[in-house]
Amino acid sequence: MKNSLYAWRCSMLAIFLFGTINLHYSQSTNPDKVRLIIRVDDMGCSHATNTGIRQTFEDGIATSVEIMVPTPWYPEAIAMLKEMPGLDVGVHLTLTSEWTNVKWRPLTQVPSITDERGVFLPHGAIKPHDARCCNHGPCVEARRH
């Protein structure tokens, strides 16, 4: 119930924002010209996120989405996307687990960017200019992943 309420609130916020933008859009001289693309993010990370994204698409708010492949609700997201053929879909590269209580694993073994449990390290654990990240270690493994 709590997750569905959160998804509903997110949808209502998006509807409010879109309604304001739509008012401006309808007053433009060329109403067929696209002026704004709303892209939603993190599809696959939870059931509430997936249902919220589906709702924003069905309500005409979102036209584009990024999906995270190694997440627990990825299979559900794929099933939902098959029912939304007009939605533009991109891949959200996932090389970290930024949340404290939700973690995911890479699809292949990548020891330099995973912890002892095999889940991705938190965001910021390896700095881009870290000596380990030059032409070996995490960068090479991330490219392979």
| said: Cut-off is 10 Å between beta-carbons; in what order do Ser97, Ser64 appear when sorted fewest neighbours first? | reply: Ser64, Ser97
| Can you give the extra length, in nm with one decimal, that the chain gains between Ile78 and Trp99 once fully stretched, where that is 0.36 nm per residue apart less the Cα-Cα distance? | 5.3 nm
| task | May I ask for the net charge around Glu66, where only other residues with Cβ less than 9 Å from the Cβ of Glu66 are counted and Lys, Arg are +1 while Asp, Glu are -1? | result | -1
| query | What is the fewest-to-most order of Ile78, Ile113 by other Cβ atoms lying within 10 Å of their Cβ? | reply | Ile78, Ile113
| request: Could you check the simple spin-label distance between Leu107 and Ala125, using points 7 Å along Cα→Cβ, in nm with one decimal? | output: 2.1
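What are the chymotrypsin sites (Phe, Trp or Tyr not before Pro) within the stretch 85-130 that DSSP puts in a loop, where the Cβ has at most 13 other Cβ atoms within 10 Å? Could the numbers behind the result be given before it?
Working: sites: Trp99, Trp104, Phe120; in loops: Trp99, Trp104.
Counting only loop positions with at most 13 other Cβ atoms within 10 Å, the chymotrypsin sites (Phe, Trp or Tyr not before Pro) in the stretch 85-130 are Trp99.
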| So who's got an amide H within less than 5 Å of the one on Glu66, skipping anything under 5 residues away but keeping other chains? H placed 1.01 Å off N, in plane. | Val40, Asp41, Asp42, Met43, Gly90
| So for Val91, Val102, Val69, Val40, fewest C-beta neighbours within 10 Å to most, what's the order? | Val91, Val102, Val69, Val40
| said: If I model a spin label as a point 7 Å beyond the Cα along the Cα-Cβ vector, how far apart are those points for Thr63 and Leu36 in nm? | reply: 1.2
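Throughout, read-outs are computed from the coordinates displayed, never taken from laboratory work. What you are looking at is a predicted structure, and each value in this text was computed from that prediction instead of being measured. Methodologically, a virtual Cβ is constructed for each residue, glycine included, from the backbone with ideal geometry; neighbour enumeration extends over all protein chains shown.
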